[in-house]
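Have a look at the structure below, then the notes.
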C-alpha cells in the first residue's frame, strides 16, 4: 500500500477547481469577441463610367473627421468599409454623402451579408478541382 503525503491529496482536490476557473476566465475573455457586431458600409457606382474612389482617399477624409475605420476592402464592383460601432458607420455614411460626388451609392450592409469566419463554416462536402 502506497501512502501519499497530505499535501498531494490537497492538490488533487484543488486541480479540478483550478481547471474550472481557467475555463470560466477564458469564456469571459472570449465572449465579447464572439458576439461583436461589426458594421459595414458599401460604396457602389450608380452610373457606368464612374470609377470607385481610392480606399486611401476615403480613409484620409474620414480620419480627418475623426471617424475610425476598421478596414477598407474592394469587393467585386464596390468598396466595403468596416467599423467597430454603428455610430461610426452612420457618421461615415453622412460624411461620405458630402465628400463623394454625385454618382455613388452609399449603403449600410446587413450583418447577415457580411463575410465572417463563423458564417463560412459548413458541414457540406464540397468538390474541389
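Values in this text are rule-based calculations from the coordinates and carry no lab data. Bear in mind the structure is a predicted one, so any value in this text is a computation, not a measurement. Cβ sites come from the backbone with ideal geometry, for glycine too, and all protein chains shown count toward neighbours.
Estimated at 0.36 nm per residue, the fully extended path between residue 102 and residue 15 surpasses their Cα-Cα distance by 24.8 nm. In the frame of its principal axes, segment 39-108 has Cα extents of 32, 22, 19 Å, reported largest first. Remark: the residue 68-residue 94 segment gains 8.0 nm on full extension, using 0.36 nm per residue and subtracting the alpha carbon distance. Peptide packing for 18-27, 74-83 was compared via the average number of neighbouring C-beta atoms within 10 Å per residue; ordered from the highest value, the list is 74-83, 18-27.
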